[in-house]
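Report on one structure; see the data block that follows.
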């Protein structure tokens with residue numbers, strides 16, 4: 001598989017299927033793992049990091065669930081390829097920096113991704129569409145068990161898995177759920193919800209994880225600490241919190257429909273009108289407008305555009321995707337023109 005092959009595939013996190021997929025975009029489980037006898041990546045020599053890349057590559061080639069996957073060394077990818085993989089949530093922004101002795105494995109369905117030599121030697125990731133953390137855990141647990149028989153993990157009985165960041169020590173697990181919460185934002189309840197989340201030792205980030213701000217009414221919520229909690233406890237705690245947020249967003253949508261239906265319809269139709277007619281549009285404005293159209297589709301106000309089409313527009317209008325589609329580098333101004341043209345073509349053909 002080549003990076004370009006992913007252009008014709010719908011990312012798992014944007015399929016628009018699975019439980020509660022009107023509010024929950026995706027569920028993800030990540031595991032941080034390190035190898036014994038090697039320093040953490042930030043302190044390791046080039047020789048050590050090269051050895052980690054080779055050992056993990058050899059081990060992953062023997063894992064059944066990773067058979068239909070491709071192993072990419074990041075030095076072989078150009079800047080657009082790397083940004084493209086970030087936009088598809090297959091690797092982190094941090095992983096694109098100083099790419100020597102780094103790699104990423106991606107399975108053909110884009111459900112599984114493994115970063116090598118990011119903050120830890122291994123960052124295993126499973127992504128599922130909709131509210132489906134438990135299924136993601138079941139898949140990643142099988143992969144982790146097989147890899148543990150082939151690699152010597154850094155583990156202490158008192159502390160669990162040893163990780164570069166102390167907050168990941170223990171299970172090394174980070175569960176996260178991507179939510180679309182436009183009604184809570186529009187009704188000015190979101191700050192209260194986010195404050196309550198922080199008090200419960202969860203963290204909220206934007207579309208692309210750590211260091212990014214929420215945009216387009218998308219919020220990524222994950223556990224902050226794994227030490228002292230089992231994987232099952234972490235998932236149960238996240239699930240309990242997400243169910244409450246889903247209920248609050250659902251109620252907020254119902255109140256908006258009951259009390260401000262005309263205002264809601266106006267915002268949704270204005271958003272759709274701009275998207276169908278704009279000649280120049282930025283990535284940020286596109287996300288914000290698509291967010292309103294997605295809400296309209298979920299509420300039955302937008303009849304002829306389904307959730308999957310809207311979700312696909314979220315990703316193919318991102319900078320690296322536009323350049324991949326055009327097969328050349330584009331300036332910011334050229335991207336804004338091409339983005340508007342692509343959106344008009346997609347929406348007006350429906």
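The values are calculated or read from the model by the stated rules, or taken from the named source; none is laboratory data. From a predicted model like this one, the values you see are computed outputs, not experimental measurements. Neighbour counts run over all protein chains shown; Cβ positions are idealised from the backbone, glycine included.
Hey, could you check region 173-188 for residues that are in contact with a helix residue (DSSP H, G or I) (Cβ under 9 Å, 6 or more places away or on another chain) and assigned to a loop (DSSP other than H, G, I, E, B) and say which is surrounded by the most Cβ atoms within 10 Å (Cβ to Cβ)? Of everything passing the filter in region 173-188, 181 is surrounded by the most Cβ atoms within 10 Å (Cβ to Cβ). Within region 324-342, the residues that satisfy the criterion of being crowded, with 20+ Cβ neighbours inside 10 Å and either at pLDDT below 95 or touching a helix residue (DSSP H, G or I) at 6+ places or on another chain (Cβ under 7 Å) (or both) are 324, 335, 339. Considering region 202-228, the residues that are surrounded by 15 or more Cβ atoms within 10 Å (Cβ to Cβ) and more than 16 Å from the chain's Cα centre (by Cα) include one that is modelled with the highest pLDDT, namely 202. Residue count for region 34-58 under the criterion of being over 19 Å from residue 169 (Cβ atoms) and either in contact with a helix residue (DSSP H, G or I) (Cβ under 7 Å, 6 or more places away or on another chain) or surrounded by fewer than 17 Cβ atoms within 10 Å (Cβ to Cβ) (or both): the result is 9.
Residue-wise test of (1) on the phi < 0 side of the Ramachandran plot; (2) in the same structural domain as residue 329 (by TED's automatic domain parsing); (3) in contact with a strand residue (DSSP E or B) (Cβ under 9 Å, 6 or more places away or on another chain).
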site	(1), (2), (3)
28	yes, no, yes
37	no, no, no
43	yes, no, no
72	yes, no, yes
81	yes, no, yes
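Starting from residues that are free of Cβ contacts under 8 Å to residues at least 40 places away in the same chain and not in a loop (DSSP other than H, G, I, E, B), keep the ones in region 70-81 and report whichever is nearest to residue 110 (Cα to Cα). So, considering only residues that are free of Cβ contacts under 8 Å to residues at least 40 places away in the same chain and not in a loop (DSSP other than H, G, I, E, B), the one nearest to residue 110 (Cα to Cα) is 71.
Suppose the filter is under 23 Å from the mean Cα position of the chain (by Cα), at positive phi, in the same structural domain as residue 240 (by TED's automatic domain parsing) and at pLDDT 95 or above; does residue 117 pass it? Criteria met by residue 117.
Tell me, please, whether a residue that is under 25 Å from residue 306 (Cβ atoms), at pLDDT below 90 and part of a loop (DSSP other than H, G, I, E, B) can be found in region 189-201. No. Within region 83-122, being part of a loop (DSSP other than H, G, I, E, B) and out of contact with any strand residue (DSSP E or B) (no Cβ under 8 Å at 6 or more places or on another chain) holds for 88, 97, 98, 99, 100, 101, 109, 118.
Provide a single number: the residues in region 35-57 that are assigned to a helix (DSSP H, G or I) and without any contact (Cβ under 8 Å) to a residue 24 or more places away in the chain. Result for region 35-57: 5. Where helices (runs of 4 or more DSSP H) sit wholly within region 259-322, none has at least 3 residues that are without any contact (Cβ under 8 Å) to a residue 12 or more places away in the chain, in contact with a helix residue (DSSP H, G or I) (Cβ under 8 Å, 6 or more places away or on another chain) and closer than 30 Å to residue 5 by Cα. Inspect all residues belonging to region 62-69 and state whether any of them is part of a helix (DSSP H, G or I) and farther than 28 Å from residue 135 by Cα. The answer is no; no qualifying residue exists.
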